1. Across the range 156-201, what is the number of residues that are among the charged types (D, E, K, R) and under 17 Å from Thr119 (Cα atoms)?
2. Among the residues in the range 175-196, are any touching a residue at least 60 places away in the same chain (Cβ under 8 Å), β-branched (Val, Ile, Thr), in contact with a Phe, Trp or Tyr (Cβ under 6 Å, 6 or more places away or on another chain) and within 22 Å of Thr217 (Cβ to Cβ)?
3. Taking only pairs six or more apart or across chains, which ones have beta-carbon atoms under 8 Å, a first residue in the range 140-157 that is in contact (Cβ under 8 Å) with a residue 60 or more places away in the chain, and a second residue that is among the polar types (S, T, N, Q) and crowded, with 22+ Cβ neighbours inside 10 Å?
4. Among the numbered criteria (1) more than 23 Å from Leu233 (Cα to Cα); (2) hydrophobic (A, V, I, L, M, F, W, C); (3) assigned to a strand (DSSP E or B), which single criterion is violated by Ala81?
5. Considering only the range 206-301, give the helices (runs of 4 or more DSSP H) lying wholly within it that have at least 3 residues that are more than 30 Å from Asp77 (Cα to Cα) and either without any contact (Cβ under 8 Å) to a residue 40 or more places away in the chain or hydrophobic (A, V, I, L, M, F, W, C) (or both).
6. When residues of the range 146-184 are filtered for being part of a loop (DSSP other than H, G, I, E, B), within 18 Å of Gln296 (Cβ to Cβ) and over 12 Å from the mean Cα position of the chain (by Cα), how many remain?
7. So, Gly134, is that one touching a residue at least 24 places away in the same chain (Cβ under 8 Å), under 21 Å from Ala75 (Cβ atoms), touching a Ser or Thr at 6+ places or on another chain (Cβ under 9 Å) and not in a loop (DSSP other than H, G, I, E, B) or not?
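Throughout, read-outs are computed from the coordinates displayed, never taken from laboratory work. Just so you know, these numbers come straight off a predicted model, no measurement behind them. Virtual Cβ from ideal backbone geometry, glycine too; neighbours counted across all protein chains shown.
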Amino acid sequence: MNTLRLVPLLLAAAVFAPLTAQEKSPPAITLPVAKIAATPEETPKTLPGTETFVYRDADGLVMRLFVLKPKGWKASDHRPALMFFFGGGWTKGTAANAMAWARNAAELGMIGIAPDYRTKNRHDTSPLASVADGRAALRWVQTHAAEFGLDPTRIVVGGNSAGGHVALWTGITHTPPGSSAKEDPLYKPAAFFLTSAVSDTSPETGYTPKRFGADATALSPVHQLDAKMPPVLAFHGDADKTVPLAESLALRDKLTATGNLCELHIVPGGSHNYGGEIPEWWAKTKQLFAAFLRQQAVLSP
């Protein structure tokens, strides 16, 4: 077994006992608003129904990813996988926010993977660390593919918002500032799946370029794309006031102009959280995701 630390922790739903009526209805407690402090985000060490693996363990920094295997999984399988990165502006969020897509992948017979990565709130880091972790997570999974029963060349990488930015950097060949060449992915993703994604962080037209300092353009995916990129399936609301639709339009235009495939679906009236606010588009996104992967031969017809 590889000398990298590997810690599987399978959680069964049965360990969670149902709440009693008293527990469901605790007495109301009223506190002055000024005295209620925000609860700091906790880094999950386990997530229900998943196995936990450590993909980075050095200098006191431990980073995990959570794996959800489909029904009928066998160690001898050669299955496709979806690695999905949560959003939150490289500032907040945890891998728990990516579990909905990991579960959807498992329902399709894929292996669902929800990686954690460093954020400002939990680790006091810049987006450069988030990108470095995303690349390291994909390389680690590709290196351990045989242990997961997956095909390292059929890993779809997705992400929401800033997670989409992290995802795109797993498919760009050159090592960006803040990352290590020793952690570069071994293969490009089989495809990208992006929702409300950040794809431009340049000072001229990008999203929060100050977060990147002098590396804003160097870390801007639309400015750093390879000549040949994996096929892209993207979704973006035309009423997104957080990450403007213009980012996905520019990414699509740049990709298609260089002969790459980008299928962009614009959600009418969709905000940054279009999937949570427009249920029919959550369902439609799942349907189009499955259809796209069949079209790309990632999934069987």
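1. Within the range 156-201, the first condition is being among the charged types (D, E, K, R), and the residues that meet it are 182-184, 188, 200.
Those left that are additionally under 17 Å from Thr119 (Cα atoms): none.
Total satisfying the criteria: 0.
2. Looking through the range 175-196, none of the residues is touching a residue at least 60 places away in the same chain (Cβ under 8 Å), β-branched (Val, Ile, Thr), in contact with a Phe, Trp or Tyr (Cβ under 6 Å, 6 or more places away or on another chain) and within 22 Å of Thr217 (Cβ to Cβ).
3. Note: pairs meeting the criteria are Val157/Thr170.
4. (1) is the only condition that Ala81 fails.
5. By residue number, 245-257, 279-295.
6. 1
7. Numbers: touching a residue at least 24 places away in the same chain (Cβ under 8 Å): yes; under 21 Å from Ala75 (Cβ atoms): no; touching a Ser or Thr at 6+ places or on another chain (Cβ under 9 Å): yes; not in a loop (DSSP other than H, G, I, E, B): yes.
Here the answer is no, as Gly134 does not meet what is asked.
Each row is one residue, and each column tells you yes or no for (1) farther than 19 Å from Gly171 by Cβ; (2) buried (at least 17 other Cβ atoms within 10 Å of the Cβ); (3) of a type in the set (Lys, Arg).
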position: Pro209; (1), (2), (3): yes, yes, no
position: Leu219; (1), (2), (3): no, yes, no
position: Leu225; (1), (2), (3): no, yes, no
position: Leu233; (1), (2), (3): no, yes, no
position: Ala239; (1), (2), (3): yes, no, no
position: Ser248; (1), (2), (3): no, yes, no
position: Thr256; (1), (2), (3): no, no, no
position: Asn260; (1), (2), (3): no, yes, no
position: Asn273; (1), (2), (3): yes, no, no
